[in-house]
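**Student:** Quick one: the structure is below, questions incoming.
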Amino acid sequence: MSSTVKDLTAGTAGGIAQVLVGQPFDIVKVRMQTAPAGTYSGMLHCAGGILKNEGPLAFYKGTLTPLLGIGVCVSIQFGALEWSKRYFARQNVLNGRGGPDGMALGSGQLFVSGMFAGLANGVVSGPVEHIRIRLQTQSATNPVYAGPWDAMKKIYSSNGIAGIYKGQVVTLWREALGYGIYFWAYEKLMQREMAKKGIRRDQVNPANAVLFGAAAGYALWAVIYPIDMIKSRMQTDGFSPSTGQKYKSTLDCVRTVWRTEGLPAFTRGLGPTLIRSPFANGATFLGFELASRVLNNL
């Protein structure tokens with residue numbers, strides 16, 4: 001099995017773990033981000049309303065799309081990340097740095113590798129998250145879409161490929177910046193652990209993968225949350241003035257939200273995100289690291 005196939009397979013394991021752990025928190029975040037100001041007094045009010053009005057299964061509404069799509073997305077992320085890391089390692093060996101195998105990458109190399117992973121992932125994550133958000137925010141009593149495939153068919157038939165990729169510009173900004181920070185933080189913590197104890201990566205305690213993933217997740221959201229809020233607004237907006245379009249572009253969305261709702265709108269829904277982050281991101285890296293160890297021993 002090639003290194004790339006192993007990375008993609010391990011990434012899929014991490015992505016599935018991420019969705020199963022993080023989806024209930026994510027739906028609360030999206031509802032709070034996209035609802036009019038004053039709809040919810042806080043995270044518990046939002047979660048309680050979902051539970052009361054839609055039942056417990058509503059917390060996994062739209063899960064099929066991310067379970068399939070985010071499995072692919074995280075697979076692409078880790079595949080692109082590990083390919084980029086190996087590329088920089090080869091350059092390091094040629095230049096006599098980064099240790100015997102060149103894998104002790106510098107901060108700049110790790111950040112660029114993370115950006116590359118985010119951009120590669122963004123090609124798939126944009127439409128996956130768009131469909132998921134449409135399903136998460138539609139009415140429970142009078143839904144527009146019967147499921148993810150129905151949503152894709154209806155959006156494509158009415159708006160073409162541009163409709164499927166609605167909000168893609170801000171998605172790519174989010175992925176590049178966010179995953180640059182995300183993977184830089186995780187890899188630096190792993191490097192520190194290996195150097196401190198003089199061990200190989202596959203000897204790092206799996207519990208540390210969870211802790212480092214949680215820390216990386218907080219670094220990610222500290223940087224990108226306002227961008228993510230704009231992405232959610234763009235991906236729940238109408239496709240044209242006749243279907244309730246509020247924003248002409250990403251920049252127009254930023255200006256309109258700032259003018260009409262002020263700074264608090266850019267952090268609305270942050271609570272469930274911060275609670276979700278250590279569990280979802282810890283599960284992601286744990287799944288990836290454990291799957292990698294199994295695959296590398298085959």
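The values are calculated or read from the model by the stated rules, or taken from the named source; none is laboratory data. Everything numeric in this text was worked out from a predicted model, so none of it was measured. Note that each Cβ is placed from the backbone with ideal geometry, even for glycine, and that neighbours are counted across all protein chains shown. SASA here: full protein model, heavy atoms, side chains in, ligands and nucleic acids out. Shrake-Rupley method; radii C 1.70, N 1.55, O 1.52, S 1.80 Å.
**Student:** Please enumerate the residues belonging to the range 1-48 that are exposed (fewer than 15 other Cβ atoms within 10 Å of the Cβ) and either touching a residue at least 40 places away in the same chain (Cβ under 8 Å) or assigned to a helix (DSSP H, G or I) (or both).
**Tutor:** Passing the criteria: Met1, Ser3, Thr4, Val5, Ala37, Gly42, Leu44, His45, Gly48.
**Student:** In the range 156-165, which residues are part of a helix (DSSP H, G or I) and either touching a residue at least 60 places away in the same chain (Cβ under 8 Å) or within 20 Å of Val74 (Cα to Cα) (or both)?
**Tutor:** Answer for the range 156-165, where residues must be part of a helix (DSSP H, G or I) and either touching a residue at least 60 places away in the same chain (Cβ under 8 Å) or within 20 Å of Val74 (Cα to Cα) (or both): Ser158, Asn159, Gly163, Ile164.
**Student:** Next question, about the same structure. Would you check if there is a residue in the range 253-269 being in contact with a Gly (Cβ under 8 Å, 6 or more places away or on another chain) and in contact (Cβ under 8 Å) with a residue 24 or more places away in the chain? Quick ask: steps written out before the conclusion?
**Tutor:** Here is the first cut: in the range 253-269, the residues in contact with a Gly (Cβ under 8 Å, 6 or more places away or on another chain) are none.
No, because not a single residue in the range 253-269 is in contact with a Gly (Cβ under 8 Å, 6 or more places away or on another chain) and in contact (Cβ under 8 Å) with a residue 24 or more places away in the chain.
**Student:** Further, regarding this structure: Determine if the range 227-247 includes at least one residue that is more than 25 Å from Gly42 (Cβ to Cβ) and within 16 Å of the chain's Cα centre (by Cα).
**Tutor:** No, the conditions are met nowhere in the range 227-247.
**Student:** Kindly establish whether Leu135 is surrounded by 15 or more Cβ atoms within 10 Å (Cβ to Cβ), at pLDDT below 90 and assigned to a helix (DSSP H, G or I).
**Tutor:** Yes.
**Student:** Any idea which residue in the range 49-63 is surrounded by the most Cβ atoms within 10 Å (Cβ to Cβ), counting only those that are in a loop (DSSP other than H, G, I, E, B) and modelled with pLDDT under 85? If you could, list the steps in order and put the result at the bottom.
**Tutor:** Initial filter on the range 49-63 (in a loop (DSSP other than H, G, I, E, B)): 55, 61-63.
Pick out the ones that are also modelled with pLDDT under 85 and you get 61-63.
Values: Lys61: 20, Gly62: 25, Thr63: 21.
Across the range 49-63, the extreme among qualifying residues is Gly62.
**Student:** Give the residue that is farthest from Leu20 (Cα to Cα), with candidates limited to residues of the range 73-110 that are assigned to a helix (DSSP H, G or I) and open to solvent by 70 Å² or more (accessible area, probe 1.4 Å).
**Tutor:** This residue is Leu94.
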